[in-house]
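Below: the structure, in structure tokens.
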Amino acid sequence: VLALNGKIREVGEKILASNGKEVDFASALESCEEAGGTLATPMNEEENKAILGIVKQYNRYAYLGIKEGETSGQFKYINGTPLNYTKWHQYEPNGKGTEKCVEMYTDGSWNDEKCNLYRLTICEF
């Protein structure tokens, strides 16, 4: 498995990569899409752990490819499909419409957060 100092990881059918940059959600998504991928989106525990590996390496929270839908408190993958796996931190999500994006903490758990904060960009391909 090719691992450029852990900046590229393979998990299942996905390849994860980070440019090490911290930007807001829209910019992170845009840079992933420009590179031909999308924001890292954990679909199971194995993928969550692989993303966590990059989060830990940079010791920075990272945005995930998950956003709040029209219904407050209901989160979906950015392609619109419902979540089939979650790893919310205790008492999360709690933003109720004000925190539409999702970040990963350095312990691998998730938190709903505002989309204008600067978080690590991790893409999947």
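The values are calculated or read from the model by the stated rules, or taken from the named source; none is laboratory data. Because the structure is a prediction, the values reported are computed rather than measured. With ideal geometry, Cβ positions are generated from the backbone for all residues, glycine too; neighbour counts draw on all protein chains shown. Ligands, DNA and RNA are excluded from the accessible area calculation, which covers all protein heavy atoms including side chains. Shrake-Rupley method; radii C 1.70, N 1.55, O 1.52, S 1.80 Å.
Could you tell me which residue of the range 50-101 is farthest from ASP24 (Cα to Cα), considering only residues that are aliphatic (A, V, I, L, M) and outside any loop (DSSP other than H, G, I, E, B)? Please lay out each step first, then the result.
Step one: list which residues in the range 50-101 are aliphatic (A, V, I, L, M), which gives 50-52, 54-55, 62, 64, 66, 78, 83.
Checking which are outside any loop (DSSP other than H, G, I, E, B) leaves us with 50-52, 54-55, 62, 64, 66.
Numbers: ALA50: 22, ILE51: 18, LEU52: 19, ILE54: 18, VAL55: 16, ALA62: 10, LEU64: 12, ILE66: 14 Å.
Per the stated criteria, the residue is ALA50.
Restricting the first member to the range 89-100 and to residues that are farther than 18 Å from GLU70 by Cβ, and the second to residues that are of a type in the set (Phe, Trp, Tyr) and open to solvent by less than 90 Å² (accessible area, probe 1.4 Å), the beta-carbon pairs closer than 7 Å and six or more apart or on different chains are HIS89/TYR105; HIS89/TRP110; GLU92/TRP110.
To keep it simple, each residue is scored yes or no on (1) of a type in the set (Gly, Ala, Ser); (2) over 20 Å from GLY12 (Cβ atoms).
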{"position": "ALA26", "(1), (2)": "yes, yes"}
{"position": "ASN44", "(1), (2)": "no, no"}
{"position": "LEU52", "(1), (2)": "no, no"}
{"position": "TYR58", "(1), (2)": "no, yes"}
{"position": "ALA62", "(1), (2)": "yes, no"}
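From TYR85, TYR105, TYR77, TYR61, which residue is closer than 21 Å to PHE125 by Cβ, in contact with a strand residue (DSSP E or B) (Cβ under 7 Å, 6 or more places away or on another chain) and either modelled with pLDDT of 95 or more or open to solvent by 60 Å² or more (accessible area, probe 1.4 Å) (or both)?
Numbers: TYR85 fails: in contact with a strand residue (DSSP E or B) (Cβ under 7 Å, 6 or more places away or on another chain); TYR105 fails: closer than 21 Å to PHE125 by Cβ; TYR61 fails: closer than 21 Å to PHE125 by Cβ.
Within the list TYR85, TYR105, TYR77, TYR61, the selection yields TYR77.
Which one of GLU45, GLU70 is out of contact with any strand residue (DSSP E or B) (no Cβ under 9 Å at 6 or more places or on another chain) and either at pLDDT 95 or above or of a type in the set (Val, Ile, Thr) (or both)?
Step by step, each of GLU45, GLU70 is checked, and only GLU45 is out of contact with any strand residue (DSSP E or B) (no Cβ under 9 Å at 6 or more places or on another chain) and either at pLDDT 95 or above or of a type in the set (Val, Ile, Thr) (or both).
Looking only at residues in the range 1-13 that are part of a strand (DSSP E or B) and either over 15 Å from ASN44 (Cβ atoms) or over 15 Å from the mean Cα position of the chain (by Cα) (or both), the one that is modelled with the lowest pLDDT is ILE8.
The set of residues from the range 112-125 being open to solvent by less than 10 Å² (accessible area, probe 1.4 Å) and over 21 Å from ILE15 (Cα atoms) comprises just one member, ASP112. Close Cβ contacts (under 8 Å, 6 or more residues apart or on different chains) running from residues in the range 20-41 that are without any contact (Cβ under 8 Å) to a residue 60 or more places away in the chain to residues that are among the charged types (D, E, K, R) are absent.
Under the condition of being closer than 10 Å to CYS123 by Cβ and of a type in the set (Asp, Glu), which residue from the range 8-55 is most open to solvent (accessible area, probe 1.4 Å)? The extreme case among them is GLU34. On inspection, LEU16 passes the criterion of being touching a strand residue (DSSP E or B) at 6+ places or on another chain (Cβ under 6 Å) and either at pLDDT 95 or above or among the aromatic types (Phe, Trp, Tyr) (or both). Within the range 88-102, being of a type outside the set (A, V, I, L, M), in contact with a Phe, Trp or Tyr (Cβ under 6 Å, 6 or more places away or on another chain) and open to solvent by less than 40 Å² (accessible area, probe 1.4 Å) holds for one residue alone: CYS101.
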